[in-house]
Amino acid sequence: MIEIAAAALTPGGWRSGPVRVAGDGRIAQVGGEPLTEPQARQGPCLLPGFVDLHVHGGGGADTMEGGEAVATLARTHARHGTTALLATTMTAPRDEIEAALRALAPHVATRPAGGTRVLGVHLEGPYINRERLGAQPDFATTATLADVMALHALAPIRLVTIAPELPGHLALIVALRGAGFVVQVGHSAARYEDGVAALAAGASGFTHLFNAMTGLHHREPGLAGAALAHAERAELIADGQHVHEGAIRVALRCIPGLYCVTDATAAAGMPDGDYRLGRHTVFKCLGAVRLADGTLAGSALTMDRALGALLRLGLPLAEASARTATLAARHLGLVDRGVLAPGAWADLVQVDGASGALQRVWVEGEAVER
């Protein structure tokens, strides 16, 4: 039994602790007296480990590389407090996606030592609109349920991003939801009406809100307008590069389940320089990751920095924690991650109560060397 003495953020609010972790890597007990957030933040605070549903790479490794790349990125992000993630693919020729999924599957089956839990795959393309590729290579295509199921047989796909305006894709959303996949809308030239129709068909989120989608105009609300008007959930990259602070504030007011992702590339956790992103060479400089033409190409963000960005916006620590852990876990239907409660996995981060700076990390009860 491991005992961690710190103020703990439980589903019922702050408790004085301690948190006790059993030998099976699950939380056995969260005790202590109730605290207000100001009281809790006078010392170290225990939060649910971060959950990141959009990770292309980290530590110099890219999901599409195969080999030990996924283990490398899992260890990199664990050191920054991410305790569960979805390894995210790039748009590419079919054989390259298949090869990446085959290489990824063993790391889903067995958690890399010292690494975060890889929950499965976020299939970001190739079922997107080539008019809104962003930094995705131009191998976009339409999809059928059989296409997705064939890839799912190689490695467990948990979340699929698609452009709903493409032929057959509204019906595909219905089929994917029926087959148990979470569907997000993104990399899309969709109109407002297409976005509303996608939500009605079963899409439950928006991929990197505001980025690689039609924007909000008062006479043409676009896909971003559909999200702000109707969405319960959406992911957002809070790296100070992808979305202006004012737009983040708008999204926070409009979308109850807004949660942070990193969209991290191989450059995350690495110095400035050149890195791979699928078929692209990308360049990390001054905190941003870009293609040679200046297009933003994923990020170098880690989730501890995303937490800090939300705190700088003035969010309470409890809300910032929910938007970096709990809400993403619930989006995938997980009830034993993103929460400090008996029976849940002991995915924990300890932060400094005053600043929010990351101090310690545990993944499924294992202390991660930082």
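The values are calculated or read from the model by the stated rules, or taken from the named source; none is laboratory data. Keep in mind that what you see is a predicted model, and the values were worked out from it rather than measured. For neighbour counting, all protein chains shown are included, and Cβ atoms are generated from backbone atoms with ideal geometry for every residue, glycine included.
Here are the numbers:
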item: Region 112-150, subset within 20 Å of GLY168 (Cβ to Cβ) and small (Gly, Ala, Ser), residue modelled with the lowest pLDDT; result: GLY125
item: Subset of region 265-296 [modelled with pLDDT of 95 or more and small (Gly, Ala, Ser)]; result: ALA266, ALA267, ALA268, GLY269, GLY273
item: Given (1) surrounded by 20 or more Cβ atoms within 10 Å (Cβ to Cβ); (2) not in a strand (DSSP E or B), number of the condition VAL183 does not satisfy; result: (2)
item: Residues within region 1-24 that are assigned to a loop (DSSP other than H, G, I, E, B), at pLDDT 95 or above and among the aliphatic types (A, V, I, L, M), tallied; result: 2
item: Any hit, region 144-163, residues being within 30 Å of ALA309 (Cα to Cα) and either among the small types (Gly, Ala, Ser) or part of a helix (DSSP H, G or I) (or both); result: yes
item: Hits in region 322-370 (condition: touching a helix residue (DSSP H, G or I) at 6+ places or on another chain (Cβ under 7 Å) and modelled with pLDDT of 95 or more); result: ARG323, THR324, ARG337, GLY338, VAL339, GLY353, GLY356, LEU358, VAL361, VAL363, VAL368
item: Total residues in region 328-361, condition part of a helix (DSSP H, G or I) and either surrounded by 23 or more Cβ atoms within 10 Å (Cβ to Cβ) or assigned by TED's automatic domain parsing to the domain that holds PRO18 (or both); result: 3
item: Qualifying position, being touching a residue at least 60 places away in the same chain (Cβ under 8 Å), hydrophobic (A, V, I, L, M, F, W, C), surrounded by fewer than 24 Cβ atoms within 10 Å (Cβ to Cβ) and over 23 Å from PRO164 (Cα atoms), among LEU286, LEU301, LEU291; result: LEU291
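Conditions (1) surrounded by fewer than 19 Cβ atoms within 10 Å (Cβ to Cβ); (2) more than 30 Å from GLN350 (Cβ to Cβ); (3) modelled with pLDDT of 95 or more, marked per residue:
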site: ALA61; (1), (2), (3): no, no, yes
site: PRO93; (1), (2), (3): yes, yes, yes
site: THR110; (1), (2), (3): yes, no, yes
site: GLU165; (1), (2), (3): no, yes, yes
